[in-house]
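The values are calculated or read from the model by the stated rules, or taken from the named source; none is laboratory data. Keep in mind it's a predicted model, so treat the numbers as computed, not measured. Note: ideal-geometry Cβ built from the backbone for every residue, glycine included; neighbour counts use all protein chains shown. We work out accessible area using only protein heavy atoms, side chains counted, and drop any ligands, DNA or RNA first. Shrake-Rupley method; radii C 1.70, N 1.55, O 1.52, S 1.80 Å.
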Amino acid sequence: MHSDVSLLRKRLAITQGYIEFKPEDEYLFDQALLDQVIIFQQRNGLESDGVVGKLTIEALNIPVKDRIETIEANLERWRWIGDDLGNRYIRVNAADFELRVMENDTVAFKLRLL
């Protein structure tokens, strides 16, 4: 039990929603919180071990405003690429954890990234 656990719960609630807990367990790193830490790590390309180490803390400390600016910049880049990606390209759907290798407008290979 540690006061930082309460801060972790509050920070994850910003991006992942409220995490159920009993009021007396606010400072307890329970299974529900562990599961949410693992989901956060997976979403951020980190080792999904549930340990709140240096890299996880760094990712947690990136302000939401910075994340939004990154998304906006990437959308702008995508707008300028155009529709013709050539005969062979890789498409990654980060939200769905999926990678597709496209060849002549056909899926040549598909991989789940979980």
*Select from the stretch 74-100 the residues that are under 22 Å from I14 (Cα atoms), open to solvent by less than 80 Å² (accessible area, probe 1.4 Å) and hydrophobic (A, V, I, L, M, F, W, C) and list them in ascending order.*
A94, F97
*Among the numbered criteria (1) touching a residue at least 40 places away in the same chain (Cβ under 8 Å); (2) buried (at least 16 other Cβ atoms within 10 Å of the Cβ); (3) in a helix (DSSP H, G or I), which single criterion is violated by V52?*
(3)
*Pick from E69, E103: which is more than 15 Å from the chain's Cα centre (by Cα) and more than 22 Å from L12 (Cα to Cα)?*
E103
*Just give me the residues in the stretch 31-74 being in contact with a helix residue (DSSP H, G or I) (Cβ under 9 Å, 6 or more places away or on another chain), over 23 Å from L113 (Cβ atoms) and charged (D, E, K, R), in sequence order.*
none
*Selection count, the stretch 1-27, where residues are at pLDDT 85 or above and within 18 Å of D49 (Cα to Cα)*: 4
